[in-house]
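Data block below; observations after.
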Amino acid sequence: MEPRERRVRLEAAGQWLRERRRRKYPVAAAFARAIGVDGSQVSNYERGVHEVPAERVPVIAKVLGLDEIDVWRGLQRQMPDVESPVTGGAVSEIAELRALAADVGDPQRTAAMEHLDDIERLLARVRRAIDEGTGVGLGPLHIEPSARTSDQPQ
């Protein structure tokens with residue numbers, strides 16, 4: 001990515017973060033404490049000086065009460081692929097499906113993108129449940145923490 005494109009992307013992501021943060025935390029210092037960083041770091045994120053690190057995204061989502069997928073998108077970052085017995089490499093497969101859907105006619109593309117959004121949200125819920133070590137209700141399907149493999153920490 002060209003430096004100018006990166007700067008524009010980071011600035012847009014920073015503006016998105018500032019707008020969401022101000023809704024719940026009018027004072028940036030309180031938000032910084034809530035997500036475990038220094039106030040100057042939040043300023044750097046919001047001005048597009050630094051990119052929000054991947055490990056900070058779930059924390060921001062939780063603190064702001066937002067869906068993690070929406071935060072990844074708002075920050076203009078691709079959600080990392082999560083290798084687990086449940087999700088496998090589904091995130092990268094969804095990215096490929098999005099690229100294919102871009103070639104489809106308009107009404108069909110809209111429907112396809114909505115379905116992919118639903119799948120991404122479901123994967124985020126599954127990932128959170130795995131990370132937290134709890135089961136997650138998925139409507140008629142319920143995945144218990146026992147779905148872990150033996151090499152994953154309990």
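Which order do the peptides 52-61, 109-118 take when ranked by the mean count of other beta-carbon atoms within 10 Å per residue, highest first?
The peptides rank, most packed first, as 52-61, 109-118.
What nm value, rounded to one decimal, do you get for the distance between Asp118 and Arg7 when each label is placed 7 Å out toward the C-beta?
Simple spin-label model gives 4.3 nm for this pair.
Quote the relative contact order of segment 3-74 in percent (integer), defining contacts as alpha-carbon pairs under 8 Å separated by 6+ residues.
Value for segment 3-74: 35 percent.
Just so you know, all these numbers are worked out from the coordinates, no wet-lab data involved. Model, not experiment: these values are computed from the prediction. Here Cβ is always computed from backbone atoms with ideal geometry, including for glycine, and neighbour counts include all displayed protein chains.
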